[in-house]
Amino acid sequence: MKSSKTKTNPKSLLSTIPPLQLSLLLLGLGIIFYNLYLCATAVLHGDVGFNTDLARDFLLLEDVVKNHSMPLIGPRSGGIPGVFHGPLWLYLNLPAFVLGKGDPVIVGWFWVFLVALLTAFVGFVGYKLYGKTVGVLSAILMSAVSVGTTSSLFNPFGAVLVFPLYFYFLYHYLTQRKIWSLLLTLFCGGLLIQFQVAFGMPILLLSTLLIFYTIFKQKLFTHSTAFLVLLLPLSTYIVFDLRHNFLETKALLTYMAGKSGAVDNFTPHAMLMNRIEGFINTLATIPSPDRILTILILAFFAFLLYKAIKNKTTTQGKSTLLFFYLFFGYWIFAFIFKGVIWNYYTWPFLPLTVLMIAGGWKVLPKYIFVIGYAFVFLATWKQAHVYKDMLVNNYIAKDSGSWRFNYDLAQSVFAQKDASFGYYIFSPDQFGYSPRYAMNYLATKNPDVQVFPYQKQPITYLLISPPGGKNNSIGGEWWKVHRVNITKKPEKTISFINGFKIEKYLLSEKEKTIPADPNLIDSLIFR
């Protein structure tokens, strides 16, 4: 007998969608794919952002592959001395790094995929909370606002990627009280901390208050055991602290006690202005100098809050109030921290502000929403194209924070065809991570060349960045004479349009034995 089950035909599914809605859906998908093409501008030109933080990540990935060691902590948090992000961002990028044999452009393509995944997550959450239309509108706007960041992703982006799902699972638990949604909420909360401590910790604490309120109100006391799931994403912190005499825990307690001395010259007025500016910019969504657009978006969020309070029993009302609870709560927590709240601390809010704007479809008259959404989207699109043009015309292979430039810089050294050489790198931040990784990468491509980083050899190269710091007071000439201890004139100089230069020296045996400053940063210190 033939099975009574019928196969689902994709064409029959499409035929159930009204022609107008189908046309708009296809148009939306086309815009999303075009935005992802804009996101891929750098990698299509064989480049990615490669500033100090990004180059540091590649050096860490290189260390993992070469030494087969998995780190327990990631980059330092910056705000609190002795506290670090987790290593999950490194783990997430490691497969692409290995497959690409250390090529940053291959990792850059992986970043484009992550942005596409974020777009899908935001669309999914929009669809689940508010319906198909909001799902598509959310995805379109999310893909557009991502153009300016895709070429230079670093650890906070992991929190950006996870937060839409965290928000949805938290909302689902608070409204449906299912244990599985609580487990997923807490697991994602641990991931937020892994990727961005300054965001994940306050958000998880704020959520915990709501969760325990629900547990006690509904007498779901067994649900409190779900918090044990945090041990999984936070296991790297636990193991690290056990191995290092609770180093991070002590650093956090010292900071909370006001004894760390982490903040200098940050007055109460400066802190207040930093919080106000951060609050506005986080809600404004679009990195635009257009004050009128910012005012309109802020007015929209005020209206959205009003509607949520008025209709707090609806899905729209509940989810919007949850967003504002987390948003306002975060900025209240921000006053406990005495340092600067940088924009990448609050970057994970971006998907939710996009979701709230698209959710205006449910609360505004349709003609007002269409006009407002079009205004916001076109402003975003304009900024995306401005950024794309900036990359192509001013950044790619030209800026010192560009991978292609650092590759070309290193290639200029190897093009001299020396069988053996030493080198030193000067950069105003003293790290020199970007050229250092490029030199390491080229060394693997030229195994017949002996390369001695930060060692004087008969042939020694100095890779010298333009001066930096206040009033360009940190320069390579002083560094060359007083720290590398080379005073002679170079045999050859290669200059670059952005001010970088390479100097080649032929050192005698006597000159070679004059030691450089032993305090030069010549490696990436990591745990």
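For Leu165, which of the numbered conditions (1) in contact with a Cys (Cβ under 7 Å, 6 or more places away or on another chain); (2) surrounded by fewer than 22 Cβ atoms within 10 Å (Cβ to Cβ); (3) in a loop (DSSP other than H, G, I, E, B) fails to hold?
(3)
Is it true that Lys66 is open to solvent by 90 Å² or more (accessible area, probe 1.4 Å) and modelled with pLDDT under 90?
no
So Trp180 clears everything in (1) assigned to a helix (DSSP H, G or I); (2) open to solvent by 10 Å² or more (accessible area, probe 1.4 Å); (3) in contact (Cβ under 8 Å) with a residue 40 or more places away in the chain except one condition, right? Which one?
With (1) assigned to a helix (DSSP H, G or I); (2) open to solvent by 10 Å² or more (accessible area, probe 1.4 Å); (3) in contact (Cβ under 8 Å) with a residue 40 or more places away in the chain applied to Trp180, the lone miss is (3).
Right, Pro71: touching a residue at least 40 places away in the same chain (Cβ under 8 Å), assigned to a loop (DSSP other than H, G, I, E, B) and in contact with an Asp or Glu (Cβ under 9 Å, 6 or more places away or on another chain) or not?
In short, yes.
Can you pull out every residue in region 18-42 that is in contact with a helix residue (DSSP H, G or I) (Cβ under 7 Å, 6 or more places away or on another chain) and modelled with pLDDT under 80?
If the condition is that a residue be in contact with a helix residue (DSSP H, G or I) (Cβ under 7 Å, 6 or more places away or on another chain) and modelled with pLDDT under 80, then Leu22 is the only one that fits.
Pick out the one residue from Lys398, Lys388, Lys362 that is touching a residue at least 40 places away in the same chain (Cβ under 8 Å) and closer than 23 Å to Phe157 by Cα.
Just one listed residue meets the conditions, Lys388.
Hey, among the residues in region 202-232 that are under 16 Å from Gln176 (Cα atoms) and open to solvent by 100 Å² or more (accessible area, probe 1.4 Å), which one's nearest to the chain's Cα centre (by Cα)?
Step by step, filter region 202-232, then rank; the result is Tyr213.
Give me the pairs: first residue in region 475-488 and of a type in the set (A, V, I, L, M, F, W, C), second residue part of a helix (DSSP H, G or I) and open to solvent by 10 Å² or more (accessible area, probe 1.4 Å), beta-carbon distance under 8 Å, and six or more apart or on different chains, which are they?
From region 475-488, the pairs are Ile486/Lys480; Ile486/Glu511.
Among the listed residues Val363, Val354, Val340, identify the single one that is open to solvent by less than 10 Å² (accessible area, probe 1.4 Å), under 30 Å from Thr208 (Cα atoms) and aliphatic (A, V, I, L, M).
None of the other options fit; the residue is Val354.
Can you name the residue in region 310-330 that is at pLDDT below 95 and not hydroxyl-bearing (Ser, Thr, Tyr) and is also surrounded by the most Cβ atoms within 10 Å (Cβ to Cβ) among such residues?
Gln316
What's the number of the condition Val340 fails, among (1) in a helix (DSSP H, G or I); (2) more than 20 Å from Gly131 (Cα to Cα)?
(1)
Can you find a residue in region 111-124 that is in a loop (DSSP other than H, G, I, E, B) and open to solvent by 20 Å² or more (accessible area, probe 1.4 Å)?
No: region 111-124 contains no residue that is in a loop (DSSP other than H, G, I, E, B) and open to solvent by 20 Å² or more (accessible area, probe 1.4 Å).
Are any of the residues in region 410-433 of a type in the set (Lys, Arg) and under 28 Å from Tyr395 (Cβ atoms)?
There is no residue in region 410-433 that is of a type in the set (Lys, Arg) and under 28 Å from Tyr395 (Cβ atoms).
So Ser152 passes all but one of these: (1) within 27 Å of Ser434 (Cβ to Cβ); (2) of a type in the set (Ser, Thr, Tyr); (3) surrounded by 24 or more Cβ atoms within 10 Å (Cβ to Cβ). Which condition number does it fail?
(3)
Kindly establish whether Ile514 is under 20 Å from Asp418 (Cβ atoms) and at pLDDT 90 or above.
No, not satisfied.
Using the structure shown, decide if Leu283 is surrounded by 17 or more Cβ atoms within 10 Å (Cβ to Cβ), in a helix (DSSP H, G or I), at pLDDT 95 or above and out of contact with any strand residue (DSSP E or B) (no Cβ under 9 Å at 6 or more places or on another chain).
No.
Collect the residues in region 366-389 that are surrounded by 14 or more Cβ atoms within 10 Å (Cβ to Cβ), hydrophobic (A, V, I, L, M, F, W, C) and closer than 18 Å to Lys307 by Cα, keeping them in residue-number order.
Across region 366-389, the qualifying residue is only Phe369.
The values are calculated or read from the model by the stated rules, or taken from the named source; none is laboratory data. Since the model is a prediction, treat every value here as computed from it, not as a measurement. Every residue, glycine as well, gets a Cβ built from its backbone with ideal geometry; the counts of neighbours run over all protein chains shown. In case anyone asks, the SASA skips ligands and DNA or RNA and just uses the protein heavy atoms, side chains included. Shrake-Rupley method; radii C 1.70, N 1.55, O 1.52, S 1.80 Å.
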